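Enquirer: Mind looking over this structure? Questions follow.
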Amino acid sequence: MDNHSTQFSTRLWDYALTLYAHPGVANACLTLQDKAGADVCELLWLCWLDRLGLTTDAHAAAVLAPIRDSQTTLTRLLRERRRELKPLATPGSRLAEWRAAIKGAELAAERGTLVQLQALTEHGRGVRPLHQDDAALITRLIRHIGCRRSAVSDPLSILVATASIRPSNDSTPAPKP
C-alpha cells in the first residue's frame with residue numbers, strides 16, 4: 001500500500017470526526033460499544049476502509065492485537081473512570097474538572113488508536129483491496145463485531161448509511177465498483 005499513499009489524502013481522524021458528528025452516528029456507535037462490545041475506533045476504521053475501496057484481510061486480527069491491547073488497558077480504563085464520575089461530578093466542581101481531564105485523555109487515546117489504524121492501512125498491514133464478491137459493509141461489520149445481526153442491525157444500519165460521507169477537506173476519489 002505504500003505506493004498508493006495518495007489514496008489516503010483524507011486522514012482517518014478527519015473522516016472519523018465527520019462521520020461521528022453525523023446525526024445518529026454517535027449514538028449508534030455507543031450502542032454498538034455498550035451492547036455488542038464493539039470498538040468504536042475499529043468501526044470507524046472499517047467504514048473508512050470501505051470508503052477507500054479496502055477491507056480487512058486474513059491477517060487483520062493478528063495485526064490489530066497490539067492496538068486492541070492498548071485499547072483495553074488504556075482507553076477502556078479511562079472510559080470506565082469517566083463514566084463512574086459522571087453522576088458525582090457536579091458542574092463547576094473539582095471533580096467535574098477531573099472528569100473533563102479524563103475525557104480529554106480518553107479522546108487523545110482514541111485519536112492515537114486511529115493514527116495507528118491509518119498507519120497499518122498505509123503500510124498494507126491487515127488490509128486488502130475490496131472485491132466485487134466481498135460481503136456488504138454491514139455484513140463485514142457484523143462479522144467483525146462477532147454477534148448476531150438482529151442484535152445490532154439498527155445501529156449498524158445508521159452507521160452504514162452514512163459511511164460514504166466525505167469530510168470537507170476530502171479530495172479522495174470514490175472507489176470504482
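Taken together, the values in this text are just the output of simple stated rules run on the coordinates, not laboratory data. Here the structure is a predicted model, which is why all the values come from computation and not from measurement. We place every Cβ from the backbone using ideal geometry, glycine too, and count neighbours over all the protein chains shown.
Enquirer: Spelling out what I want: for every residue of region 28-40, take phi, set θ = phi - 60°, compute 6.51 cos²θ - 1.76 cosθ + 1.60 (Karplus), and round to whole Hz; glycine and proline get x.
Expert: These are the phi-based 3J(HN,Hα) values: 4, 4, 5, 5, 5, 5, 7, 8, 10, x, 6, 8, 4 Hz.
Enquirer: Let me ask you something else. Over the C-alpha atoms of the chain, what are the Rg and the largest Cα-to-Cα span, Dmax, in Å?
Expert: When restricted to Cα atoms, the chain yields Rg and Dmax of 16.8, 55 Å.
Enquirer: Based on Cα positions only, what radius of gyration and what Dmax would you give for region 73-123, in angstroms?
Expert: Reported Rg and Dmax, both Å: 13.8, 45.
Enquirer: Are there trypsin sites (Lys or Arg not before Pro) in region 73-177 that DSSP marks as loop and that have at most 11 other Cβ atoms within 10 Å, and which are they?
Expert: R148
Enquirer: With n ≥ 4 as the cut-off for DSSP H runs, can you work out [θ] at 222 nm for the chain, using -39500 (n - 2.57) per run divided by the number of residues, rounded to the nearest 500?
Expert: -19500 deg cm²/dmol
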